[in-house]
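Colleague: I have a structure I would like to understand better, so I am pasting it below and will then ask my questions one at a time.
The values are calculated or read from the model by the stated rules, or taken from the named source; none is laboratory data. These numbers were taken from a predicted model, which means no experiment stands behind them. To get the accessible areas, we keep the full protein, side chains included, count just its heavy atoms, and leave off ligands, DNA and RNA. Shrake-Rupley method; radii C 1.70, N 1.55, O 1.52, S 1.80 Å.
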Amino acid sequence: MHRGMSILVLCGLLDLGLGLQATTTGWPDDHGGGPALDAGYWFTPHIAATFVGKEQYATVDDRMMSYFSFNAAVRQVVGRLRLTESLGFVHQHEEPRAAIMESPVEALFGVGDGIRHRMGSRAGFSLGLPLSTHGHGDYYVALDLDGTVFMDEDRGPRWMSSAGLSVGFTYDFAQSKAK
């Protein structure tokens with residue numbers, strides 16, 4: 001069984017994307033944005049496990065939002081376009097910048113005063129366009145959209161949505177093994 005598991009890991013596709021997103025929330029005039037990282041491992045051409053991480057600024061409370069999401073994703077290729085849908089769980093830290101400046105080390109580890117820990121669920125959609133290939137995969141650009149609903153309203157806005165562009169690359173372990 002261990003040998004079969006290693007073959008599965010070596011035959012998948014790693015997908016890494018880095019982008020910028022604009023964000024709005026359920027609070028009036030609460031807008032912002034920041035960088036986003038999307039890391040996925042495609043076990044088959046159509047099924048993956050993904051992680052989405054964001055570090056964003058939002059205007060209400062002059063706050064930073066650290067966003068961590070673990071997802072299941074499905075993909076369909078239509079012509080050259082890759083359509084990806086994902087569903088997952090979110091853990092988010094929201095903290096005013098003033099509190100971060102007072103306790104930067106504690107804020108970095110998620111234990112600073114003023115951090116609001118929030119849980120929620122996420123749905124995302126990505127439309128990717130490969131630009132060029134390399135020896136083990138490709139480089140691409142993507143339009144990324146997602147929406148998050150949080151379980152509570154007393155620690156922050158009930159919902160948030162983001163849209164942005166990313167650039168990324170894939171690395172196909174099966175191609176590297178064949179060479």
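Colleague: With no solvent and one point on each alpha carbon, what is the Debye value of log10 I(q)/I(0) for the range 61-105 at q = 0.17, 0.23 Å⁻¹?
Modeller: For the range 61-105, the Cα-only Debye profile gives -0.64, -0.81.
Colleague: Across 10 Å bins from the origin, how do the percents of Cα pairs in the range 53-179 run, short distances first?
Modeller: 11, 34, 27, 19, 8, 1
Colleague: Something else: Over the range 1-118, consider all pairs of different Cα atoms and compute the Kirkwood hydrodynamic radius from their mean reciprocal separation; express it in Å, one decimal.
Modeller: In the range 1-118 this quantity evaluates to 16.4 Å.
Colleague: Here's something else I'd like to know. Over the range 35-104, what percent of the accessible surface lies on carbon and sulfur atoms, probe 1.4 Å?
Modeller: 72 percent
Colleague: For the range 107-179, what does the equivalent ellipsoid look like in terms of its semi-axes, each the square root of 5 times an eigenvalue of the Cα gyration tensor, given largest first in whole Å?
Modeller: Numbers: eigenvalues 261, 56, 23 Å².
For the range 107-179, the ellipsoid semi-axes come out as 36, 17, 11 Å.
Colleague: When the solvent-accessible surface of protein heavy atoms is calculated with a 1.4 angstrom probe, in what order do Tyr139, Tyr57, Tyr67, Tyr41 fall, highest first? Walk me through the numbers before you get to the answer.
Modeller: Values: Tyr139 110, Tyr57 75, Tyr67 5, Tyr41 45 Å².
Greatest to least solvent exposure: Tyr139, Tyr57, Tyr41, Tyr67.
Colleague: Moving to a separate point now. Sort Met151, Met119 by accessible area with a 1.4 Å probe, largest first. Walk me through the intermediate numbers first.
Modeller: Values: Met151 145, Met119 90 Å².
Sorted by accessible area, descending: Met151, Met119.
Colleague: Here is a further query. Kirkwood Rh over alpha-carbon pairs of the range 76-131, then Stokes-Einstein at 4 °C and 1.567 mPa s: what D in µm² s⁻¹, rounded to an integer?
Modeller: Taking Rh from Cα pairs, D becomes 92 µm²/s.
Colleague: Right, here's the next one. Could you state the accessible area per residue of the range 2-121 in Å², with a 1.4 Å probe and every protein chain left in place?
Modeller: Heavy-atom accessible area per residue stands at 55 Å².
Colleague: Using a 1.4 Å probe on the protein chains only, how many percent of the accessible area of the range 123-176 belongs to carbon and sulfur?
Modeller: 65 percent
Colleague: Right, here's the next one. Rounded to whole Å, give me the distance from the Cα center of the range 87-112 to that of the range 125-141.
Modeller: Measuring centre to centre over Cα atoms gives 33 Å.
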